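Colleague: I'd like to ask some things about the structure below.
The values are calculated or read from the model by the stated rules, or taken from the named source; none is laboratory data. Worth saying up front: this structure is predicted, and the values here are computed from it rather than measured. Here the Cβ positions follow ideal geometry from the backbone for every residue, glycine too, while neighbour counts run over all protein chains shown. The accessibility values were calculated without ligands, DNA or RNA, using every heavy atom of the protein model including side chains. Shrake-Rupley method; radii C 1.70, N 1.55, O 1.52, S 1.80 Å.
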Amino acid sequence: MRALAFCLLLLAVPAAAHDAVQTRLTLQATATREVADDRFVAHLEGRGEAPTAAAAQAELNERMAEALALLEAAPALEIETASYSVRAVEREGQPRRWIAAQGVRIETDDADTLLERVGELQSLGMAVGQLGSRLAPATERELHEALLPEAIAALRTRAEQAAAALGLSFSHFSDVNLDGTPTPRPVRLEAVAMDAMAVRAAPPVIASGRTTVRVGVAATAILSP
């Protein structure tokens, strides 16, 4: 039994010595791709103004009901109403007025339908605050899945080049960190004119933005003589 233990100890010595001469090199690589946004977003606000809070709310409610009916007729649109507010305003030399307001957010992959409906809502007296575009989460996930192998291949190439420059050989990676989770990105929004009289002649326009998707990979490259 003692002889067997001694033999095992002798076998372990070269492995330990081999590990001792390995070189550990921390590397990073990134794969990127720029693509056109495929989701379009609009923010609008409906208002009602009157001498009393009740009258202002009644005006707003009527306008919002008409607006939502118009939007719901287009199944391609995702609609979300925002907070409802009522406030009093004091203007110099004028009696108190009440303003009721409520916002609505519209999102879709159909830019033409969005712009058509936004133009119709403007003609109802609703104000457009912003128009913008973003990349759909599903599209970004697909891009991350496609870019991850590219990032890993780039990391391996970098490790092999570094090993060659140092007169060593690339063995393998350890402590690999894959940044494969899509990062939430803000919607790019552009302010648009709120003059309803100016937009009745023509609907608003929007240009699709572009998003750069990045996947990063970091690892420790093990180099051997």
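Colleague: Please determine, by comparing only the residues of segment 52-86 that are within 23 Å of ARG97 (Cα to Cα) and under 32 Å from the mean Cα position of the chain (by Cα), which one is least open to solvent (accessible area, probe 1.4 Å).
Modeller: Among residues in segment 52-86 that are within 23 Å of ARG97 (Cα to Cα) and under 32 Å from the mean Cα position of the chain (by Cα), the one least open to solvent (accessible area, probe 1.4 Å) is MET64.
Colleague: GLN102 - would you say it is within 20 Å of MET64 (Cβ to Cβ), free of Cβ contacts under 8 Å to residues at least 60 places away in the same chain, polar (S, T, N, Q) and buried (at least 18 other Cβ atoms within 10 Å of the Cβ)?
Modeller: yes
Colleague: Moving to a separate point now. Could you check, for segment 161-174, whether at least one of its residues is surrounded by 14 or more Cβ atoms within 10 Å (Cβ to Cβ), part of a helix (DSSP H, G or I) and at negative phi?
Modeller: Looking for residues that are surrounded by 14 or more Cβ atoms within 10 Å (Cβ to Cβ), part of a helix (DSSP H, G or I) and at negative phi, one finds at least one in segment 161-174, hence yes.
Colleague: Any residue in segment 53-70 that's on the phi < 0 side of the Ramachandran plot: show its pairings with residues that are open to solvent by less than 50 Å² (accessible area, probe 1.4 Å) and in a helix (DSSP H, G or I) at Cβ separation under 6 Å, as long as the two are six or more apart or on different chains.
Modeller: From segment 53-70, the pairs are ALA67/LEU121.
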